[in-house]
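Asker: Provided herewith is a single structure, encoded as structure tokens, for subsequent inquiry.
The values are calculated or read from the model by the stated rules, or taken from the named source; none is laboratory data. This one's a predicted model, so the numbers in the text were calculated from it and none came from an experiment. Ideal geometry is used to build each Cβ from the backbone, glycine not excepted, and the neighbour counts take in all protein chains shown.
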Amino acid sequence: MIGIDDGPFKPHTKGKALLVGAVLRGGQWLDGILSTSVSVDGRDATQLIIKMVNESRHKGQLRVIMTDGATFAGFNVIDIREIFKRTGIPVVAVSRERPNMKEIKQAIKNLPDWRVRWKILRRAGNIYSVESRSGARIFMQIAGVKKNDAEKIIKTTATRSFVPEPLRVAHLIARGVGENAEKNQSVEKN
């Protein structure tokens, strides 16, 4: 499976954010790292995830795509149903906290094409509460997989924390690489 998370970015800019995919066997062995860059508050994350997965040499071993939520780099909304349709791999969008859809809608209204983004977010479907490791609750939206199977996947892959290991590893790599890149850019400017 692959866990996908974004690195640090400057909000409300025309910049890019690193997107990292960590390919793991279950919650145990790291088999590979994929990456791309998505536009801050853009509309390219869905297509770039599809491309990253479909062009990966790891695609044949992937059984699930896990994403850290349904937005990257601010409000670059991903269409989990489109990702499933175009990769053939089920998608589980995982959140540590229940998404507050009212607050999200208010914030997303600041973008020119907010109605399109809102429709994509709503299309992701129900938000399910799931018991993870040690009784911790996390939340998920799913495409191409049954709720019970997605719950089993989360429980199986949450090996070191309540967050599934592919997401935890993707997060650590994206943050570490992204923070290092920011430091290097500020050194170059001085």
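Asker: List, please: which pairs have Cβ atoms under 7 Å, are six or more places apart or on different chains, and start with a residue in region 125-150 that is farther than 17 Å from residue 68 by Cβ and assigned to a helix (DSSP H, G or I) and end with one that is at pLDDT 95 or above and not β-branched (Val, Ile, Thr)?
Answerer: Qualifying pairs under 7 Å: 147/128.
Asker: Something else about it: Test residue 162 against the criterion of being modelled with pLDDT under 95, touching a Ser or Thr at 6+ places or on another chain (Cβ under 9 Å) and surrounded by 13 or more Cβ atoms within 10 Å (Cβ to Cβ), and give yes or no.
Answerer: Answer is yes for this residue.
Asker: (1) surrounded by 17 or more Cβ atoms within 10 Å (Cβ to Cβ); (2) more than 13 Å from the chain's Cα centre (by Cα): which one isn't true of residue 13, the others all being true?
Answerer: (1)
Asker: Quick one: residue 103 ticks every box in (1) within 25 Å of residue 38 (Cα to Cα); (2) under 18 Å from the mean Cα position of the chain (by Cα); (3) of a type in the set (D, E, K, R) except a single one, so which number is it?
Answerer: Tallying (1) within 25 Å of residue 38 (Cα to Cα); (2) under 18 Å from the mean Cα position of the chain (by Cα); (3) of a type in the set (D, E, K, R), residue 103 fails exactly one: (2).
Asker: Please name all residue pairs, on different chains or six or more residues apart, with Cβ atoms under 7 Å, provided the first residue is in region 1-25 and is touching a residue at least 40 places away in the same chain (Cβ under 8 Å) and the second residue is surrounded by 24 or more Cβ atoms within 10 Å (Cβ to Cβ) and of a type in the set (Phe, Trp, Tyr).
Answerer: The qualifying pairs are 6/72; 17/72; 19/72.
Asker: Ok, one more. Over 13 Å from the mean Cα position of the chain (by Cα), within 20 Å of residue 154 (Cα to Cα) and part of a helix (DSSP H, G or I): does that describe residue 81?
Answerer: Working: over 13 Å from the mean Cα position of the chain (by Cα): yes; within 20 Å of residue 154 (Cα to Cα): yes; part of a helix (DSSP H, G or I): yes.
Judged against the criteria, residue 81 is a match.
Asker: I'm checking my understanding of the structure. Among residues of region 44-70 that are out of contact with any Asp or Glu (no Cβ under 8 Å at 6 or more places or on another chain), touching a residue at least 24 places away in the same chain (Cβ under 8 Å) and assigned to a loop (DSSP other than H, G, I, E, B), which one is surrounded by the most Cβ atoms within 10 Å (Cβ to Cβ)?
Answerer: If we filter region 44-70 for residues that are out of contact with any Asp or Glu (no Cβ under 8 Å at 6 or more places or on another chain), which is where we start, we get 44-45, 47-49, 51-57, 59-60, 62-66, 69-70.
Next, from what is left, pick out any that are touching a residue at least 24 places away in the same chain (Cβ under 8 Å): 44-45, 48-49, 52-54, 56-57, 59, 62-66, 69-70.
So of that shortlist, the ones also assigned to a loop (DSSP other than H, G, I, E, B) come out as 44, 56-57, 62-64, 69-70.
Working: 44: 18, 56: 17, 57: 9, 62: 18, 63: 12, 64: 21, 69: 21, 70: 23.
So, considering only residues that are out of contact with any Asp or Glu (no Cβ under 8 Å at 6 or more places or on another chain), touching a residue at least 24 places away in the same chain (Cβ under 8 Å) and assigned to a loop (DSSP other than H, G, I, E, B), the one surrounded by the most Cβ atoms within 10 Å (Cβ to Cβ) is 70.
Asker: The conditions are (1) outside any loop (DSSP other than H, G, I, E, B); (2) crowded, with 17+ Cβ neighbours inside 10 Å, and residue 86 fails exactly one of them. Which is it?
Answerer: Every listed condition holds for residue 86 apart from (2).
Asker: With (1) at pLDDT below 95; (2) in a helix (DSSP H, G or I); (3) not aromatic (Phe, Trp, Tyr) as the list, and residue 112 as the residue in question, which single condition is left unmet?
Answerer: Of (1) at pLDDT below 95; (2) in a helix (DSSP H, G or I); (3) not aromatic (Phe, Trp, Tyr), only one is false for residue 112: (2).
Asker: Something else now. Would you check which residues across region 1-38 are assigned to a strand (DSSP E or B), of a type outside the set (A, V, I, L, M, F, W, C) and closer than 20 Å to residue 77 by Cα and list them? Write out each step before concluding.
Answerer: The first filter runs over region 1-38 and keeps only residues assigned to a strand (DSSP E or B), leaving 2-6, 16-25, 29-38.
Those still in the list that are of a type outside the set (A, V, I, L, M, F, W, C) too: 3, 5-6, 16, 21, 25, 31-32, 35-37.
Selection gives 3, 5, 6, 16, 21, 35, 36, 37.
Asker: Right, here's the next one. Tell me which residues, restricted to region 17-43, are buried (at least 18 other Cβ atoms within 10 Å of the Cβ), in contact with a Ser or Thr (Cβ under 9 Å, 6 or more places away or on another chain) and more than 19 Å from residue 88 (Cα to Cα).
Answerer: If the condition is that a residue be buried (at least 18 other Cβ atoms within 10 Å of the Cβ), in contact with a Ser or Thr (Cβ under 9 Å, 6 or more places away or on another chain) and more than 19 Å from residue 88 (Cα to Cα), then 17, 18, 19, 20, 27, 40, 41 are the ones that fit.
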